[in-house]
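Student: To start, I am sharing the structure in question, which I have written as structure tokens.
The values are calculated or read from the model by the stated rules, or taken from the named source; none is laboratory data. Model, not experiment: these values are computed from the prediction. FYI the Cβ positions are ideal-geometry reconstructions off the backbone, even for glycines, and counts take in every protein chain you see. Heavy atoms of the whole protein, side chains included, go into the accessibility calculation; ligands, DNA and RNA do not. Shrake-Rupley method; radii C 1.70, N 1.55, O 1.52, S 1.80 Å.
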Amino acid sequence: MLAITLVSPDPAALAQAAAAVRAALAVDAETVLGEGAIDLLVEAVQSQAHLAVKAAVGALPVDFAVQPVEGRRKRLLIADMDSTIIGCECLDELADFAGVKDQVSEITERAMRGELLFEGALRERVGMLKGLSVDALQACYDDRVKLNPGARTLVATMAADGARCALVSGGFTFFTSRVAAAAGFHLNRANTLIEADGVLTGQVGEPILGKEAKLAALIEETAALGLTPADALAVGDGANDLAMIEAAGLGVAYRAKPIVAAQAHAKVDHADLRALLYFQGYRAAEFVS
């Protein structure tokens with residue numbers, strides 16, 4: 001049995017998409033999960049059902065996931081931070097304090113699209129911050145960093161249901177530690193900015209946490225819980241998130257670059273992060289806010 005979950009902030013679009021899915025597939029049961037979210041249960045081959053739903057949704061502002069009902073509630077959440085759990089790229093914003101945001105943002109964009117190797121791109125960008133006062137880190141966090149809508153509810157709800165929640169970022173521990181605390185994550189992993197005499201040295205601690213390190217974190221955390229990657233939900237937006245997204249039982253591309261959206265099991269382009277709860281079959285009444 002497959003669950004087809006449709007989520008949209010647009011009620012008319014959701015209704016239209018649901019009608020199109022019903023016309024394309026034999027729906028056995030329906031459940032309204034909450035305002036803007038519906039589950040349709042079907043007996044079908046997953047790959048064929050996914051193509052049918054994709055065609056039915058078309059250009060409508062509706063996010064969807066097609067997956068087996070069994071095992072859809074995941075026991076590990078592993079999430080990227082920048083432009084996923086928060087609405088900005090911390091390194092780009094920090095570069096603004098150093099007067100080099102345009103240059104750094106261009107490199108970030110290319111790295112997230114998969115055009116540059118992440119590790120080299122990170123070293124280059126951090127090098128441009130040499131001499132920046134460490135006081136800029138707190139100022140950047142206070143002024144620029146905000147949780148994306150639904151982030152706290154996503155983490156709190158999964159944690160209350162017994163899931164382990166990990167924030168794993170190619171960014172920096174200064175920010176992940178604070179964002180993890182704000183959103184309720186159990187742990188965080190990230191890179192370290194090296195400082196001396198109250199300023200950044202332009203260097204980053206080695207080894208750099210990149211694409212393979214994110215995948216390793218997924219494997220290590222599931223193994224520590226006596227689980228497999230199939231029991232995990234991974235979410236991110238950039239090329240360095242792709243390996244963990246592909247390996248997870250449910251890999252979600254959130255407002256993602258094309259290379260990531262094309263490979264993820266599901267994508268969220270329209271709804272907020274609570275869509276990840278609906279994808280797992282949570283009802284709105286179960287959300288912890």
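Student: Applying the Karplus parametrisation 6.51 cos²θ - 1.76 cosθ + 1.60 with θ = phi - 60° to the phi angles of the range 112-126, what ³J(HN,Hα) value in whole Hz is obtained for each residue in order, glycine and proline being reported as x?
Tutor: Residue by residue, the range 112-126 yields 5, 7, x, 7, 10, 5, 4, 4, x, 5, 5, 4, 5, 5, 5 Hz.
Student: With +1 on the Cβ of every Lys and Arg and -1 on the Cβ of every Asp and Glu, and nothing else charged, how large is the dipole of the chain about its Cα centre, in debye rounded to the nearest 20?
Tutor: So the magnitude is around 400 debye.
Student: Something else now. For the chain, which whole-number percentage of the solvent-accessible area (1.4 Å probe, protein heavy atoms only) is attributable to carbon and sulfur atoms?
Tutor: With neighbouring chains kept in place, the figure for the chain is 52 percent.
Student: Could you state the accessible area per residue of the range 1-99 in Å², with a 1.4 Å probe and every protein chain left in place?
Tutor: 41
Student: In nm, to one decimal, how far is the modelled label at A29 from the one at A12, with both set 7 Å along Cα→Cβ?
Tutor: Simple spin-label model gives 3.3 nm for this pair.
Student: Which angle between 0 and 90 degrees, to the nearest 10, do you get for helix 211-224 versus the longest principal axis of the chain when only C-alpha atoms count?
Tutor: For 211-224 against the chain, the angle is about 60 degrees.
Student: Straight-line reach from K74: which aspartates and glutamates have Cα under 14 Å away, leaving out those fewer than 8 places along the same chain?
Tutor: Partners found: D161, E221, D231.
Student: FRET efficiency for L41 and E109, Cβ-Cβ distance as r, R0 = 35 Å, nearest 0.05?
Tutor: Given R0 = 35 Å and the Cβ-Cβ separation, E is 0.30.
Student: Amide H to amide H under 5 Å from G34: which residues, 5+ apart in sequence or cross-chain, H placed 1.01 Å off N in plane?
Tutor: Placed amide hydrogens put A284 under 5 Å from G34.
Student: What is the Cα centroid distance between the range 70-91 and the range 136-209, reported in whole angstrom?
Tutor: 11
Student: Size of the dipole of the range 149-289 about the Cα centre, Lys and Arg at +1 and Asp and Glu at -1 on the beta carbon, nothing else charged, in debye to 20?
Tutor: 340
Student: Cut-off under 15 Å on the C-alpha distance; same-chain residues fewer than 8 positions from K211 excluded. Which aspartates and glutamates are left, in chain and number order?
Tutor: Straight-line reach from K211, under 15 Å: D80, D82, E115, E119, E220, D237, D241, E246.
Student: Let me ask another. Here are several values of Rg/Rh (Cα atoms, Kirkwood Rh): [x] 1.10; [y] 0.97; [z] 1.00. Which one was derived from the coordinates shown?
Tutor: For Rg/Rh (Cα atoms, Kirkwood Rh), the calculated option is [z].
Student: What are the ³J(HN,Hα) couplings of the range 238-250, residue after residue, when phi is run through the Karplus curve with 6.51, -1.76, 1.60 and θ = phi - 60°? Round to Hz, x for glycine and proline.
Tutor: x, 4, 6, 9, 5, 5, 6, 5, 5, 7, 6, x, 10
Student: Strictly over 23 Å apart at the Cα level, which of K101/K146; K54/K257; K54/K267; K101/K267 would you flag in this model?
Tutor: K101/K267
Student: For the range 175-289, what does the alpha-carbon gyration tensor say about shape, rounded, prolate or oblate, given a ≥ b ≥ c as the root eigenvalues, a/c under 1.5 as rounded, and a/b over b/c as prolate?
Tutor: It is prolate, given that a/c is not under 1.5 and a/b is the larger ratio.
Student: Between 0 and 90 degrees, rounded to the nearest ten: what's the tilt of helix 151-160 against the longest Cα principal axis of the chain?
Tutor: 70
Student: Of all DSSP beta bridges in the chain, what percent run antiparallel (nearest 5)?
Tutor: Bridges in the chain that DSSP calls antiparallel: roughly 55 percent.
Student: Suppose all protein chains stay in the model; what accessible area per residue would a 1.4 Å probe give for the range 147-230, in Å²?
Tutor: 41
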